[in-house]
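Only one structure is covered here, and it is reproduced in the block below.
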Amino acid sequence: MRVYVPLSLPRLAEAYKTGELGPAPLTAYAVTPALREWYLSDDIEELEYAALNRAALASLRMLAGEPDAARRRVVVAVDVADKIAVADPDRGLDPTALGEVSVREIVRLSKAAAVHVDADDAEADVTAAADALGAADQGDDDAQFVVDGAEDHELLWFATQEIPNLVGAKDGA
């Protein structure tokens, strides 16, 4: 199963340093039955894109709690065994939990398929969106518009070999 793990750049740097995404359990996003029902598509690429976007929103939420982190959303795509990525059936219809799974084991970063990160030009919109999240969660339509503005930026695809460049690691880190 392909899962999308939301991170921030400091958390990606830590994963690079330790060689693993953890600790378990990790919250990630995947094509779950609830996501399929919500998205109303049988196209697996569209469904995976929806799961990626759910993870990007979770990354934005992380950034809201990490004021010193660079304002760029980060999502790591990784393939895991189906049995270790489990959706909570009690939250299946909760709109905030669509596509959410719990990855019950530490995942080696070497198993990652790709990393998705905002471009530098998204930082202003991502910063504004992170700042507006609280108000958006309280039903403020203007704040929700600002949060939605971050979604106008497509996350860029990076090969896992590019992680050291993304986190500013020196060779042999």
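Taken one residue at a time, the phi angles of region 75-88 give Karplus couplings (6.51, -1.76, 1.60, θ = phi - 60°) of 9, 9, 8, 9, 9, 10, 5, 3, 5, 9, 10, 10, 7, 7 Hz. Gly and Pro are set to x. Note on the chain: with charges restricted to the Cβ of Lys and Arg (+1) and Asp and Glu (-1), its dipole about the Cα centre is near 980 debye.
Taking every C-alpha pair closer than 8 Å and separated by at least 6 residues, the mean separation divided by the residue count of region 93-173 gives a relative contact order of 34 percent. Think of a 1.4 Å ball rolled over the protein heavy atoms: region 88-166 then has 59 Å² of accessible area per residue. Computed from the C-beta positions of Thr18 and Ala128 and an R0 of 30 Å, the FRET efficiency is 0.40 to the nearest 0.05. Only the Cβ atoms of Lys and Arg (+1) and of Asp and Glu (-1) were treated as charged; on that basis the dipole of region 123-169 about its Cα centre amounts to roughly 320 debye. Each helix, a run of at least 4 DSSP H residues, gives -39500 (n - 2.57); summed and divided by the residues of the chain, these come to -12000 deg cm²/dmol at 222 nm.
Residues whose amide H falls under 5 Å from that of Glu105, counting only those 5 or more places apart or on a different chain, are Leu26, with hydrogens built in the peptide plane.
Protein-only accessible surface at a 1.4 angstrom probe places the residues Ile84, Ile44 in the order Ile44, Ile84, largest first.
Basic side chains Lys and Arg get +1 at the Cβ, acidic Asp and Glu get -1 at the Cβ, and with that the dipole of region 82-145 about its Cα centre reaches some 740 debye. Near the amide H of Asp118, within less than 5 Å, lie the amide hydrogens of Arg73, Leu156, all on another chain or at least 5 residues away, with H placed in the peptide plane.
In region 1-108, the portion of solvent-accessible area held by carbon and sulfur atoms comes to 52 percent [1.4 Å probe, whole percent, DNA, RNA and ligands not counted]. Figure note: Trp38, Trp157 ranked by solvent-accessible area, largest first, 1.4 Å probe, ligands and nucleic acids not counted: Trp157, Trp38. For region 1-44, the solvent-accessible area of protein heavy atoms averages 53 Å² per residue (probe radius 1.4 Å; ligands and nucleic acids excluded).
Taking amide H as placed 1.01 Å from N in the peptide plane, the amide H of Glu20 sits under 5 Å from that of Leu109, each at least 5 places away or on another chain. Of the listed residues Glu151, Glu100, the order by accessible area with a 1.4 Å probe, largest first, is Glu151, Glu100.
The values are calculated or read from the model by the stated rules, or taken from the named source; none is laboratory data. Everything numeric in this text was worked out from a predicted model, so none of it was measured. Neighbour counts run over all protein chains shown; Cβ positions are idealised from the backbone, glycine included. Just the protein is used for accessible areas: all its heavy atoms, side chains included, with ligands, DNA and RNA removed. Shrake-Rupley method; radii C 1.70, N 1.55, O 1.52, S 1.80 Å.
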